[in-house]
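Novice: Quick one: the structure is below, questions incoming.
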Amino acid sequence: MKRPDWFLLGMGLAVALAWLAPGPGAKGGSLHPELLNKLGVSLIFFLHGLTLSFAALRAGAQNWRLHLLVQACTFVLCPLLGVLLLASVGRQLSVELRTGLFFLCALPSTVSSSVALTATAKGNVPAAVFNATLSSLLGVLLTPLWLSVVLGAAGRALPIASVILDLCQWLVLPLLIGQLLRPLFGAFATRHRARLSVLDRLTILLLVYTSFCDSVQDGVWHAGGSALLVSALASIAILAVVMLSVWHTSRALGFAPADRIVALFCGSKKTLASGVPMARLIFGADPGLAIILLPIMIYHPLQLIVGGWLAGRFARTTSAQAVADRA
């Protein structure tokens, strides 16, 4: 029996710790979250840059039709679904939950899980690496732009220039520094990739903890049960619509099976690893930050469960086809 993912258990423990001891991670607390969060964000993206293979990016950069489909799903289809969702619920939900639902839709794709699932499903791994990385970089600009347009129309202004500057300073710059240092430390990063991944995930859990501390202290969670239910239902609906749309579109465009797998996994994923740091930078010490993060925290395990099942199914189908071809 497969053991549960310790990172998913860690998210639950981080939230529980915020409930039991919110003081250290809240604004003005002993952990100094105003500085700690930005340093944590920088560390995460520095490690991404250090472990990112430029050769793999170059190998996957050729198929522009596939890349266009994936990025359109991530930054056009998903945000438009978010707009439709907000229009359908009106003002029945809290401002924080509406913001969180759209924030989920506007986020870029994941890197690690998209590539891992594509590899498991025997898809086009270089193309998955290229698309996931491109999505992360585009998200620095397109995610806050979408938020500015939609939240601004709803009366919640976003200082777009300062937000993008912050994202470039604390996300893109550490990523570039990590990439520049890769000739010196790339071999070390490759040998210790598993340990660096643990450090990356522990840093994310720290950001989850500090994100929930202010909301607990300010009593934001008086309607927590309904927020959980709405986030879960919305996450299921968004994932189903996007997966079905991208799969049938890629097949209609005549993509090879290996490329359709890339489109499915990269086009439907949303990043928790970048989403939590981006939320900390975009929304700052907003006491409703925990509610804003709730949809992506539910979407994350959901996409892994569904993606893992599909990846296993694709792998078995590909293996059976290979055996039939050799017979």
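Novice: What number of residues within the range 284-295 are out of contact with any Pro (no Cβ under 9 Å at 6 or more places or on another chain), surrounded by fewer than 24 Cβ atoms within 10 Å (Cβ to Cβ) and either part of a helix (DSSP H, G or I) or among the small types (Gly, Ala, Ser) (or both)?
Specialist: Going through the range 284-295 one residue at a time, the tally reaches 2.
Novice: Something else: Restricting to helices (runs of 4 or more DSSP H) lying wholly in the range 150-236: which have 1 or more residues that are in contact with a strand residue (DSSP E or B) (Cβ under 7 Å, 6 or more places away or on another chain), at pLDDT below 85 and more than 30 Å from His32 (Cβ to Cβ)?
Specialist: none
Novice: Looking for something under 20 Å from Leu233 (Cα atoms) and surrounded by fewer than 22 Cβ atoms within 10 Å (Cβ to Cβ) - is there at least one such residue anywhere in the range 19-31?
Specialist: No, every residue in the range 19-31 fails to be under 20 Å from Leu233 (Cα atoms) and surrounded by fewer than 22 Cβ atoms within 10 Å (Cβ to Cβ).
Novice: In the range 74-121, which helices (runs of 4 or more DSSP H) lie fully inside it and hold 3 or more residues that are at pLDDT below 90 and of a type in the set (Gly, Ala, Ser)?
Specialist: So the answer is 112-120.
Novice: Turning to a different aspect of this structure: For the list (1) within 22 Å of Trp146 (Cα to Cα); (2) of a type outside the set (Val, Ile, Thr); (3) modelled with pLDDT under 85, I need the number of the one condition that Leu294 fails.
Specialist: (3)
Novice: If I ask for residues that are farther than 23 Å from Gly100 by Cβ and surrounded by 15 or more Cβ atoms within 10 Å (Cβ to Cβ), which ones from the range 136-176 would you list?
Specialist: Within the range 136-176, Val172, Leu173, Pro174, Leu175 meet the criteria.
Novice: Looking for whichever is within 16 Å of the chain's Cα centre (by Cα) and among the acidic types (Asp, Glu) here; the options are Asp200, Asp259. Which one fits?
Specialist: Checking each option against the conditions leaves just Asp200.
Novice: Could you give me the residue pairs with C-beta distances under 8 Å whose first residue belongs to the range 261-281 and is modelled with pLDDT of 90 or more, whose second residue is crowded, with 24+ Cβ neighbours inside 10 Å and basic (Lys, Arg) wherever it lies, and which are 6+ apart or on separate chains?
Specialist: Once the first residue is modelled with pLDDT of 90 or more and sits in the range 261-281, no partner that is crowded, with 24+ Cβ neighbours inside 10 Å and basic (Lys, Arg) comes close enough.
Novice: Also, I was wondering about something else. Hey, among Ala132, Ala119, Ala128, which residue is in contact with a helix residue (DSSP H, G or I) (Cβ under 8 Å, 6 or more places away or on another chain), closer than 27 Å to Ala315 by Cα and without any contact (Cβ under 8 Å) to a residue 40 or more places away in the chain?
Specialist: Ala119
Novice: A follow-up question, please. Do we find that Pro144 is within 15 Å of Leu171 (Cβ to Cβ), assigned to a loop (DSSP other than H, G, I, E, B) and not aromatic (Phe, Trp, Tyr) in this structure? Give the steps one after another, and end with the answer.
Specialist: Details: within 15 Å of Leu171 (Cβ to Cβ): yes; assigned to a loop (DSSP other than H, G, I, E, B): no; not aromatic (Phe, Trp, Tyr): yes.
No, not satisfied.
Novice: Here is a further query. When you scan the range 45-59, do you find a residue that is more than 25 Å from Leu184 (Cβ to Cβ) and either in contact with a helix residue (DSSP H, G or I) (Cβ under 9 Å, 6 or more places away or on another chain) or part of a helix (DSSP H, G or I) (or both), even just one?
Specialist: First, the residues of the range 45-59 that are more than 25 Å from Leu184 (Cβ to Cβ): none.
No, every residue in the range 45-59 fails to be more than 25 Å from Leu184 (Cβ to Cβ) and either in contact with a helix residue (DSSP H, G or I) (Cβ under 9 Å, 6 or more places away or on another chain) or part of a helix (DSSP H, G or I) (or both).
Novice: Hey, does the range 116-129 have a residue that's crowded, with 23+ Cβ neighbours inside 10 Å, under 22 Å from Ala240 (Cα atoms), under 19 Å from the mean Cα position of the chain (by Cα) and of a type outside the set (A, V, I, L, M)?
Specialist: Checking the range 116-129: at least one residue is crowded, with 23+ Cβ neighbours inside 10 Å, under 22 Å from Ala240 (Cα atoms), under 19 Å from the mean Cα position of the chain (by Cα) and of a type outside the set (A, V, I, L, M).
The values are calculated or read from the model by the stated rules, or taken from the named source; none is laboratory data. These numbers were taken from a predicted model, which means no experiment stands behind them. With ideal geometry, Cβ positions are generated from the backbone for all residues, glycine too; neighbour counts draw on all protein chains shown.
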